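The values are calculated or read from the model by the stated rules, or taken from the named source; none is laboratory data. Since the structure is predicted, the reported quantities are computational estimates derived from the model, not experimental observations. All Cβ positions, glycine included, derive from the backbone under ideal geometry; neighbour counts span all protein chains shown.
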Amino acid sequence: MNSLTVETSGIALVVDDTATKRYIIGSWLRRAGFTVVEAASAAETWERLAEHEVDLVILDVRLPDLSGIEVCEQIKANPSTASLPVIHISASAVAVTDRTYGLRQGADAYLTDPIDPGEFIATVEAVLRYYRARWRAERLADRLATLNRASNAINAATGFEQLTAVAAMYAAEVFAGPATVIVQPPERQPRQTVCVSPGANIFTVDRAADALDRLGEAVGIGEGTATVLGSLTDDEMRELFPDKITRDDVCVIMSRIKEGRPPIVITISAHRVPDEDSFSLLRQLAQTLALAMEAMRTHAEEHLIALTLQRSLLPSGPPAVPGWGLAVRYEPASDTAEIGGDFYEVLDLDGRILVAIGDVQGHSLEAATVMGELRHALRAFADEGHDAVTIVQRLGSVMRRYHPGQTATVCLLTLDPATGELEIVSAGHLPALRLAGGVPDWRPGGGLLLGFPEPGRVATDRLTVAPGETIVLYTDGLVEDRHVPLDHNLDRLAAIGMPLNSDLERYTDQIIAEFGHREDDVALVVLRRDPI
C-alpha cells in the first residue's frame, strides 16, 4: 500500500460489472480526493493491480467470471497485495450469512445496497485509518530493525572509508531513497559518500576544505556540541555542491559530539523524511555515526602519535659498512591499526657492527613507548662495551624490573665485517634466514622471551658469512597470518630468490611486496656480504 498523505487520498480500484454502478461509486471517491481506476471482471482486477499502486479495492461480490469473495481471497493470499484493504459491495448477497461469510474470507468491510454515500465514505475512512496505522507501525518496525543493523555495522567498521560507506548504504535503505554522508577524517579534506538508492553502488568524492563550514552555516549548527536538523532546497545545495546528482530538496542533519571537531553530515531527500518518526530515526543514525567517527578519530590520533614516536626512535638509515650492503624497512600495518612495538637498530662499534631487531608485545602507545626504552637501553649497554649475550640479559632485567607482565623478543647480530664472522644471539625471536648460493639456511634461533619471570636461556649461534651470502632478520608481523600456517609463510620467505649481483634494496622491496598488506607492523633488516 502506498503512503497516504491525507485521510482520503490515493488510488482506489472499483470492481463491478455494471458501468453505472462503477460511475456512481467512483464519483463518491473522486469527491473524497481519490484517483479512481475501474475493472469490470476478476481478470481486469489483476490487470489494474499490476498497472497501478492501488491503496483500496471496492469489490462487487457478483462478477461475470469469478466470485468477488474468491477474488478477495486471492488478493489476501498474494504477498504483493495482502495488505490491500478490500470493501465488498453487493445488491444481491445481502443476507447476514452473506456478509458474515465475506468478512470471514478476508474482506475488511461489507456494504449492501442501497448504499448511503456518507456511510460509504465513512467506512472507507475507517478502513484506511486502520491500514495506515498498521502500515506505519510495520514500516517503523522495519526501519528500526534496519537501524539496529546499521548501528552494528557502523560500530564494526575498521576504517573511515568503510564507516562512511556503511552509513550511506543504510541511510539509503532506511529512508528508501538517495543518501549522502560527509565526514572529515584526520589530516584530510572532507569526503562525501553517496548511495543513490538502496542496494546501489557507493562512490566517494573529495570536497573543498571549507565544505563543512559552509554547510554548517546554512544549517546553523554553531561551534559547540549539537545535533541539528535542517532543510535546504535543491538550488541551495547546488551552490555548495554543484555536482549534486539528484534534483530534489534535502533534509540535512549535522552532529558534533565533541567541541572543536568537524561535524558529520547526512542528507536525505526531503520527501523521505515526512514525519516525527522519520526525524527521530535520522537523529539516531546521525548520532551513531558521530560517536563511531569520534571513536575512530581518537584512535587514529593515538596511532599517529605512536607512529610518530616510533619513527622518531628508529635510525635514520644504516651506517655504511665497507664490503657489505644493508637494507632496512619499517612498515606499519595501516593508517588506523594500532601501532606495534617493532624496532631495529644498526650500530658501528669501533669496527664491529651490531644489528638488532625486536618486537614488544602488544599494539598500543604503551608498546611503542616500551620499544623506545629498550632501544635506548640497548644503545647504552652496547656503548658500555658489553657483548651481545650480556646486552640481551640486561634487557631482560629491564623488562622484569620496569615492565612486569610485558614481554618482547629480540635478536642481536655481532659482525666482524673484515672476516665475515657473525654471532647471532636470540631471546624468543624468529630464526634468522641465511641465503647461501640461493639455498635457504634457517639458523637455530630460540631462547626465552625478554620479560620472562626468571632469567632464562639466551640462544647463540656462530657462523662465517661468505661473499655473496645474505642474512635476513624480520619481525613476526611479516610471516604471521591468522589462517595460514607459519611454516607456509616461512617457506614463502625462503623462496624469494636473489641473484648474486641483484640490488639489495630491490630484493627488500620484493619481500614486502610478496606478503602484501599485513595486520601487524613489520620490521625487516637484510645484510649481505658483497660478492667477490
Residue satisfying condition, being part of a loop (DSSP other than H, G, I, E, B) and crowded, with 17+ Cβ neighbours inside 10 Å, within set 84, 29: 84
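Yes or no, residue by residue, for (1) under 40 Å from the mean Cα position of the chain (by Cα); (2) surrounded by fewer than 17 Cβ atoms within 10 Å (Cβ to Cβ):
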{"residue": "447", "(1), (2)": "no, no"}
{"residue": "455", "(1), (2)": "no, yes"}
{"residue": "462", "(1), (2)": "no, yes"}
{"residue": "475", "(1), (2)": "yes, no"}
{"residue": "484", "(1), (2)": "yes, yes"}
{"residue": "523", "(1), (2)": "yes, no"}
{"residue": "527", "(1), (2)": "no, no"}
For region 465-497, name all the residues that are within 27 Å of residue 448 (Cβ to Cβ) and either among the small types (Gly, Ala, Ser) or touching a strand residue (DSSP E or B) at 6+ places or on another chain (Cβ under 7 Å) (or both). 465, 471, 472, 473, 474, 475, 476, 477, 478, 489, 493, 494
Please tell me if residue 280 is within 22 Å of residue 173 (Cα to Cα) and surrounded by 18 or more Cβ atoms within 10 Å (Cβ to Cβ). no
For residues that are in contact (Cβ under 8 Å) with a residue 24 or more places away in the chain, assigned to a strand (DSSP E or B) and hydrophobic (A, V, I, L, M, F, W, C), tally how many sit in region 420-465. 11
Take residue 390 and tell me if it is surrounded by fewer than 14 Cβ atoms within 10 Å (Cβ to Cβ) and of a type in the set (Val, Ile, Thr). no
Exception for residue 82 within (1) under 21 Å from residue 136 (Cβ atoms); (2) among the aliphatic types (A, V, I, L, M); (3) in contact (Cβ under 8 Å) with a residue 24 or more places away in the chain falls at (3)
Do we find a residue being loosely packed, with under 13 Cβ neighbours inside 10 Å, assigned to a loop (DSSP other than H, G, I, E, B) and either modelled with pLDDT of 95 or more or in contact with a strand residue (DSSP E or B) (Cβ under 8 Å, 6 or more places away or on another chain) (or both) anywhere in region 52-64? yes
Hits in region 355-374 (condition: surrounded by fewer than 21 Cβ atoms within 10 Å (Cβ to Cβ) and not in a loop (DSSP other than H, G, I, E, B)): 365, 366, 369, 372, 373
Those residues of region 93-120 which are of a type in the set (Val, Ile, Thr) and modelled with pLDDT of 90 or more, in sequence order: 96, 97, 100, 112, 115
Collect the residues in region 188-219 that are in a loop (DSSP other than H, G, I, E, B) and aliphatic (A, V, I, L, M), keeping them in residue-number order. 196, 200, 208, 209
Within region 91-106, is even one residue touching a Lys or Arg at 6+ places or on another chain (Cβ under 7 Å), among the hydroxyl-bearing types (Ser, Thr, Tyr) and crowded, with 20+ Cβ neighbours inside 10 Å? no
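Rundown of residues vs (1) over 44 Å from the mean Cα position of the chain (by Cα); (2) farther than 20 Å from residue 130 by Cα; (3) not aromatic (Phe, Trp, Tyr), yes/no style:
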position: 26; (1), (2), (3): yes, yes, yes
position: 33; (1), (2), (3): yes, no, yes
position: 50; (1), (2), (3): no, yes, yes
position: 54; (1), (2), (3): no, no, yes
position: 58; (1), (2), (3): yes, no, yes
position: 63; (1), (2), (3): yes, yes, yes
position: 66; (1), (2), (3): yes, yes, yes
position: 71; (1), (2), (3): yes, yes, yes
Which count do you get for residues in region 220-272 that are of a type in the set (A, V, I, L, M, F, W, C), part of a loop (DSSP other than H, G, I, E, B) and under 21 Å from residue 208 (Cβ atoms)? 3
Name the pairs whose Cβ atoms lie under 8 Å apart, with the first residue in region 376-399 and in a helix (DSSP H, G or I), the second among the acidic types (Asp, Glu), and 6 or more positions between them or separate chains? 378/345; 379/345; 388/423; 398/373
When you scan region 115-141, how many residues do you find that are β-branched (Val, Ile, Thr) and either out of contact with any strand residue (DSSP E or B) (no Cβ under 6 Å at 6 or more places or on another chain) or surrounded by fewer than 17 Cβ atoms within 10 Å (Cβ to Cβ) (or both)? 3
Return the total of residues in region 501-523 being among the acidic types (Asp, Glu) and in contact with a strand residue (DSSP E or B) (Cβ under 6 Å, 6 or more places away or on another chain). 2
Can you confirm whether region 296-305 contains a residue that is touching a helix residue (DSSP H, G or I) at 6+ places or on another chain (Cβ under 6 Å), surrounded by 20 or more Cβ atoms within 10 Å (Cβ to Cβ) and modelled with pLDDT under 90? no
Does residue 452 satisfy the condition of being at pLDDT below 90 and among the aromatic types (Phe, Trp, Tyr)? yes
Among the residues that make up region 200-212, is at least one of them aliphatic (A, V, I, L, M), in contact with a strand residue (DSSP E or B) (Cβ under 7 Å, 6 or more places away or on another chain) and touching a residue at least 40 places away in the same chain (Cβ under 8 Å)? yes
Exactly one condition in (1) more than 16 Å from residue 191 (Cα to Cα); (2) exposed (fewer than 15 other Cβ atoms within 10 Å of the Cβ) is not met by residue 246; state its number. (2)
